[in-house]
Structures are given as structure tokens and as C-alpha cells.
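Peer 1: Just dropping this structure here.
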Amino acid sequence: MDSSLPCFLFCIFLTGCVKCSSNHQHNGTRHFDYCVLGAGPAGLQMGYFLSKAKRDYIILERNSGPGSFFNKYPRHRKLISINKIYTGRQNREFNLRHDWNSLLSDKPDLLFKRVSSEFYPPADAFPLYLSMFVKELGLRVRYGVDVGRIRAMQSATGRSYILTDQHESDYTCSVLLVATGLWVPHKVEFVGSELVEDYESISTNPEDYKDQAVLILGKGNSAFETAQSILGRASRVHMLSSSPVRLAWQTHYVGDLRAVNNELLDTYQLKSLDGLVEARLEKIVITQRKEQVKRRSGGKRKDTKGKLYLTLKKYIQSRDKKNSSDAAGEELPAYHIDNFPTRNPYDRVIQCLGFRFNFSIFDGSSCPPNSDNAKGRLPAVTAWYEGKNTPGLFVLGTAAHSRDYRSSAGGFVHGFRYTVRAVHRVLERRYHSIPWPSTKLLTTQLQSWILKRVGEASGPYQMFEVLGDVILLRGSHCEYLEEFPIQALPQFSSISGHKVTKHGLIVVVMQYGKKKIDYLGRSRAETDWTKAWKSNFLHPVLYFYDTLPTEEEINLRPSGWPLPRPKAIHHIVEDFLTEWEAPVSHIQPLRRFLEHCVQTDLRSFYAESCFRLSLTHRKPPLFCQDGYLKQQGVAQDSQPWQHVHDAGLMPAEQDAETSGTDAAFPSYLAQAGASMSSGLKLDF
């Protein structure tokens, strides 16, 4: 064998590698169409969709592995996202309704249950699952890239973004997809904050809190998670925030307090030393007393060295006092109110106030504004998750939660895996002219398709009142678009690539009732289908519009409504099993509503009935037009059909875009009772 051959082959290989890398590197700058910042669940989910579409992308991650946030948080190492493996169903889409950790992919076995079978899994399982997701899908992730600066650049070819890492290397891209999550601890400035410990650095060993009095600032899940871990060791645990506790099972918001963390509510309500108080953090003061001892009744003395006191700003005599550790006795609340709830000292004060988005890496040309909600902790984004005033920069995952803060599941994996897919469809339309995926159906098939979607689809079920199915009516057929961001309906045509005709559209969303009730009381659920609009629990709602809602109508919609007032609205009564397949309570009212929208009979008929209706009506029912009169399901005998055609009994096919709609129901609809529906609540 020629000894020069291995060297020759190596040169060929090296030349090929240089050629391959030159597509992305020029003068030290790496170029990509898409840069995904962050290899957490949202970034990897977008990476999957970009990879499947064969797009030019890179995922940049500052740590050495995916999902690094979960290597530390939650501090007490238990996730509160449901991992329900056994549902009694084999339908993968339905099962995702109850699997809150898996990401979407075309591999049916690439699910979180491969790394944990626990209902509330250990936090260490999540980075393991994400690593498996990257490996099995072959996603392009570059680790150890700590982007410290992002700036936008406008050129003749359009806007691009430049990302600079810790080595001063640049990455440029036409589209920047920010999936960094929320990892910067949220802080509130108040007098004495230097005496407070932080959630991210406290000890997680319960023995370190033995017989100590602890004050926790905050009442979210991180605060209650901390309280729960020390309840059995601390002498007392008090929790303080500006708002009362919000329970997830009452608000239907998974970011509120979950039952898995709420044991302190028992000890508070059963008066076992623990408790909850309300006060604005900006108005409190954490301080120490000047005196190191305090006389108790009976002449005994108690050492108070190092103890911390909670007082209020208004009691501090010197308002510009810089040193918060020397408050006098008359500056403590017990001096003014002898039964002040938190008058006794604490051994430790811990703040658990959640996290915020890292705005610091963006310069003025690329930084999205702060959101109006969530105390400005999140970036403001459009209804299609593009940063406001930052075209070409999209925010994914938890960081995009400002769109549905405290109202849906967009800040959590089981919600944002679907909003990420929606963003990808927006990108495909805008940059590659690929319209939003749709299914063309005969109008007679619409009812069955809707029932199938509301019975099994996970996207609208988890992202209720945010993502909805849009049905474009086309006369004898319709187009069905899944999981469209409904707040973006005014821009529907440009975002989706589909047009709305004069036949109108129907939007299918999942909603909770808006009335405040006792969710454990006897009358908590509505079972009467004639009062479906009074449903309190999650149920499907259909909105019918003649034309697309305008931006102004979206902004002025009724309080609590996800959409503006439509021409007609139909609630499918809530169902204990969330199956919505009962013939009388669910199916028949839905059919009558659809008949009202499409102005035709959607019932199914035997061939004999179709024949009779064809002889006696100018427009037979649509089922007969699409089936019987088009020889579907009947013997192929051309001669009888030719006689029917010659006699003018078979209607000529018309283009769905130009066919007219009767102003009134055909006569046979009145006989069928289609114009009367006790289950409808129509708003005109």
C-alpha cells in the first residue's frame, strides 16, 4: 500500500471540513439564519422544529449541558410538573395532556417517562431527559458559549443580530430566538435587605433550621417549597408578601401555589405556630435592636443577640438612616401596637421572590421593552411572540409568559412546547413562504373533526384561551388550522398565508368559566346542556365571525374574554371526563350551531332519504350533495345517473369561493328544528 495514501486521504478530509465550516464562518464571525439562545426545554424544542425543516440554525448554551437551570432549581429538588404515565389510553396526543415534561418530536418513545416514573419527578431527571432529547434527535448545540452582548444591525439586506460571547467571538443571524428562561433572582429593595438570605444560596438541610424562627418573604411555589422543607425542624415559619395566597386549584393557573407544597396552610389554619401575613416589601424594614437583652415578665432575661426584627418604615425615626441594624425599641412595631402579628424576633429571614428575565445582555438596538404585567420582570412580546420594537427577535418559553401571565400555561413546559411550535409556523410563513398547516375537510365532516380535537388535542387544552383552532368556511368544504395564537387574528392572513372568505370563520378555544365559585362546593359544575354557557370548568367554546376581528376589537373585548364578541357563540357543556361525546348533551347542540354558521343541514341521511330530498328540494342537504349525488357509496350505474342529470335533479358544482349563501334556512331545516337550539347562546 502506498505510504502517501493516508496523508492524501487526510488532506481531502481536512479540505472538506474547512469547506463545510466556511459556510458559517467569515473573518472570525459565524453566520446562521437562526440563532437559538439557550439550550433549555424551549430552545431545544425550537431546535427540533428547525432541524426537522432542515433550516440553518445553531443553539448556543453558556453551560456545559442542556437544561442547566434544573441542575440547581428548584432548590429542594422536586418538580411540580405532572408526570402521569398511566391514563388508560393509547392515544399519544391525549396522553400529552397529562405529561407536563415531555417535548414534542416525531419519536413516539422520546418521552420523559423514560427517565422517571414518579408523579412529581426529581429535578435531576430533567437535564437527563434533555440530554437524551439532544442526542437522539441530533440537534446542533454549542456549549460553553456565554453570550454577553447582543446588538442589532441594519443593512441593505435587512436587519440582523450580532451575539458576542466571552471570547469576543461573534455570531450573526437573521432571526434571533431567545430561550434563556428566567434565571436572574428577582430582588426588591427595602431597608435591611442586606440582612436577608437568598433562596438561591440558602442551606437545603432541614437540620440547619432546628428550633429557629424563620420569616420567608414571598408566597410563591419557591417560598412554600422552602417552608415545607423546614416545617418539621423550625420552631415557627411565617410568610410575608403583598398579596394573599393564590391556590392553583382555585385560579386554574399552574404557577400559583400547588397542593404538593401547601402543608404550611394546614399548620397555619390549625394554629400550630406557622402563619401568613400581608405587607408591601417596599414598606418593611428588617433590623436588629440596639440592646442585646430584653427583660421578660418575672425578671428573667432572654438573649436576643443576632435576632432580626420586622418593622415598618413609618416607625423608623430617622428616615434617611443608612444603618438598619441598630433600631431602638420605640422603632419596633410592638412599641406602637402591642399585638402586632410579627412582633417577636426571627433567627433568619429568607427571600424567595422568583426570577426575572436577563435584560442586561441586550444593547439599546436589540432590547425588547419590559412587560406591563409581571412587575416588568418579562419582555413585552406581540401576539406571535416577536419582541415589541425588535423585528426578527422572538422570545420563547418561560420568558414569553407575558402574553398569558397568570391566565394560561405559557410559562411552563406543557404550555410553551405548543407556543414554540406556533412560532416556528410563523417563521416558516414569513421567511420561507410556507403557509400554516391546514386540513381540508368537507363541511359534513366538520362536526366529527371538532369533536375529535376537543376530545384529544393537547395544545388548546394546555394553552387554553391562548391557542385555538381556526376553521375557514368555504361553502361545501372548509380548512382547519390547528393551534393558532388567537390574539393574532387581526393579522391572520399575513401570519398564516390563508384568506378568509365571505363565508366567515369559526374559532375553537378551551375556556374556564369566569364566575368565582366554591370549586369544592356542591354546585361547582354545570351538567345541563341548555345552560352550557354557565360551565365553570374547562370546556370548548366556538366563536363564529363573518369577518376577522380588528386590532381595536381585540383590545376592547369584554373583560375576561379571550376574543371579541362574535356574531354567534356556542359553549359545549363541561364534562366530568373531558370527553365531550354525549349524543344529546354535546353532539346535537354542536351540530345545530354549525348548521347555523354554514346555513345548511349537516345531518347524515340514508340513500332513500337523499333520493327523496333530491326530487323535492332545489338544494338537497350537503351530506346528500357530497355523497349520494356524487355516486359515493352507491352502485356505479351511469345510465340512471345520466337520467337524473338530464332531468336537472343534480345540482351543478360551484366554486366554493363564489357560491352564495342563502339568507334564510332551506325549508327542510325548519322541519329538522335546526333553527331552534336551546343549547345556543347567540350574541348579535
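The values are calculated or read from the model by the stated rules, or taken from the named source; none is laboratory data. Only a predicted model underlies this, so the values are computations on that prediction, with no experimental measurement involved. Methodologically, a virtual Cβ is constructed for each residue, glycine included, from the backbone with ideal geometry; neighbour enumeration extends over all protein chains shown. To get the accessible areas, we keep the full protein, side chains included, count just its heavy atoms, and leave off ligands, DNA and RNA. Shrake-Rupley method; radii C 1.70, N 1.55, O 1.52, S 1.80 Å.
Peer 1: Tell me, what ³J(HN,Hα) does each residue in region 449-460 have, in order and in whole Hz, if you take phi through Karplus 6.51 cos²θ - 1.76 cosθ + 1.60 with θ = phi - 60° and put x for Gly and Pro?
Peer 2: Per-residue couplings from phi come out as 5, 4, 5, 5, 5, 5, x, 9, 5, 8, x, x Hz.
Peer 1: Another one. Quick one: pull the percentage of alpha-carbon pairs in region 436-598 with a separation above 30 Å.
Peer 2: When every Cα pair of region 436-598 is considered, 12 percent fall beyond 30 Å.
Peer 1: I'd like the FRET efficiency for Gln166 and Trp249, computed as 1/(1 + (r/R0)^6) with the beta carbon distance as r and R0 of 56 Å, rounded to 0.05.
Peer 2: Details: r = 44 Å, r/R0 = 0.79.
Calculated value: 0.80.
Peer 1: Place a +1 charge on the Cβ of each Lys and Arg in region 436-598 and a -1 charge on the Cβ of each Asp and Glu, then give the dipole magnitude about the Cα centre in debye, rounded to the nearest 20. It would help to have the intermediate numbers written out before the result.
Peer 2: Values: 18 positive and 18 negative charges, 76 e Å.
Roughly 360 debye, rounded to the nearest 20.
Peer 1: Please report the net charge: other residues with Cβ closer than 12 Å to the Cβ of Arg421, K and R +1, D and E -1.
Peer 2: Values: positive: Lys52, Arg417, Arg425; negative: Glu428, Glu482, Glu483.
That sum, taken over residues with Cβ under 12 Å, equals 0.
Peer 1: Determine the alpha carbon to alpha carbon distance for each of Lys113/Lys452; Lys72/Lys187; Lys499/Lys619; Lys283/Lys375 and list only those over 21 Å.
Peer 2: Numbers: Lys113/Lys452 26 Å; Lys72/Lys187 19 Å; Lys499/Lys619 27 Å; Lys283/Lys375 17 Å.
Violating the 21 Å limit, Cα to Cα: Lys113/Lys452; Lys499/Lys619.
Peer 1: Tell me which residues come under 5 Å, amide H to amide H, from Ser366 once H is placed; ignore anything under 5 positions away on its chain.
Peer 2: Ala152
Peer 1: Estimate the FRET efficiency between Glu608 and Ile587 by the formula 1/(1 + (r/R0)^6), using the beta-carbon distance for r and 22 Å for R0, to the nearest 0.05.
Peer 2: 0.40
Peer 1: Lys514 versus Thr616, label points 7 Å from Cα toward the beta carbon: distance in nm?
Peer 2: 4.5 nm
Peer 1: With a/c under 1.5 counting as rounded, go ahead and sort region 65-199 into rounded, prolate or oblate using the C-alpha gyration tensor (a ≥ b ≥ c being the square roots of the eigenvalues; past the cut-off, prolate if a/b is larger than b/c, else oblate). Write out the running numbers ahead of the final one.
Peer 2: Numbers: a/c = 2.39, a/b = 1.26, b/c = 1.90.
Oblate is the answer for region 65-199, as a/c is 1.5 or above yet b/c matches or exceeds a/b.
Peer 1: Please work out the FRET efficiency for the pair Ser494 and Ser365, using the Cβ-Cβ distance as r and a Förster radius of 25 Å; give the result to the nearest 0.05.
Peer 2: Working: r = 25 Å, r/R0 = 1.00.
It comes out at approximately 0.50.
Peer 1: If you take the square roots of the eigenvalues of the alpha-carbon gyration tensor of region 125-171 and sort them as a ≥ b ≥ c, do you get rounded (a/c under 1.5), prolate (a/b over b/c) or oblate? Could you put the intermediate results ahead of the total?
Peer 2: Details: a/c = 3.50, a/b = 2.05, b/c = 1.71.
Here region 125-171 falls in the prolate category.
Peer 1: Another question, if that's okay. What is the extension gain from Thr87 to Glu194, computed as 0.36 nm multiplied by their sequence separation minus the C-alpha to C-alpha distance, in nm to one decimal?
Peer 2: On the way: separation 107, 0.36 × 107 = 38.52 nm, distance 4.91 nm.
The span from Thr87 to Glu194 would gain 33.6 nm if fully extended.
Peer 1: Classify region 351-420 as rounded, prolate or oblate from the Cα gyration tensor: take a ≥ b ≥ c as the square roots of its eigenvalues, call it rounded if a/c is under 1.5, otherwise prolate when a/b beats b/c and oblate if not.
Peer 2: On the way: a/c = 1.84, a/b = 1.17, b/c = 1.57.
Oblate, since a/c reaches 1.5 and b/c is not below a/b.
Peer 1: Leaving out ligands and nucleic acids, note down the accessible area per residue over region 326-395 with a 1.4 angstrom probe, in whole Å².
Peer 2: On a per-residue basis, 40 Å².
Peer 1: Taking only C-alpha pairs under 8 Å that are 6+ residues apart, what is the relative contact order of region 475-541 in percent?
Peer 2: On the way: 40 pairs, mean separation 20.4, N = 67.
Computed over region 475-541, the figure is 30 percent.
Peer 1: Separation between the Arg522 and Leu548 pseudo-spin-labels, each 7 Å from Cα along Cα→Cβ, expressed in nm?
Peer 2: Computed distance between label sites Arg522 and Leu548 equals 5.1 nm.
Peer 1: Could you give the dipole magnitude of region 18-148 about its Cα centre, charging the beta-carbon of Lys and Arg +1 and that of Asp and Glu -1, in debye to the nearest 20?
Peer 2: On the way: 20 positive and 11 negative charges, 20 e Å.
Dipole magnitude for region 18-148 comes out near 100 debye.
Peer 1: Taking the Cα centre of region 510-596 as the origin, how large is its charge dipole in debye, to the nearest 20, when only Lys and Arg (+1) and Asp and Glu (-1) carry charge on their Cβ atoms? Spell out each step's value before the answer.
Peer 2: Values: 12 positive and 12 negative charges, 76 e Å.
With Lys and Arg at +1 and Asp and Glu at -1, about 360 debye.
Peer 1: How large is ³J(HN,Hα), in whole Hz, for each residue of region 161-170 in order, when computed from phi with the Karplus curve 6.51 cos²θ - 1.76 cosθ + 1.60 and θ = phi - 60°, using x for Gly and Pro?
Peer 2: Those phi angles translate into 10, 10, 10, 10, 9, 5, 9, 6, 7, 10 Hz.
Peer 1: Quick one: Karplus J couplings for region 79-87, per residue in order, coefficients 6.51, -1.76, 1.60, θ = phi - 60°, nearest Hz, x for Gly and Pro?
Peer 2: 6, 10, 8, 5, 10, 8, 7, 9, 10
Peer 1: Turning to a different aspect of this structure: Counting only protein heavy atoms and a 1.4 Å probe, tell me what percentage of region 436-598's accessible area is made up of carbon and sulfur.
Peer 2: Numbers: 3310 of 6530 Å².
Carbon-and-sulfur percentage of accessible area, whole number: 51.
Peer 1: Please give, to one decimal in nm, the separation of the simple spin-label points placed at Asn358 and Asn389, each 7 Å out from Cα toward the Cβ.
Peer 2: 2.3 nm
Peer 1: Any idea how far the Cα center of region 110-172 sits from the one of region 439-464, in Å?
Peer 2: If we compute the Cα centre of each part, the gap is 33 Å.
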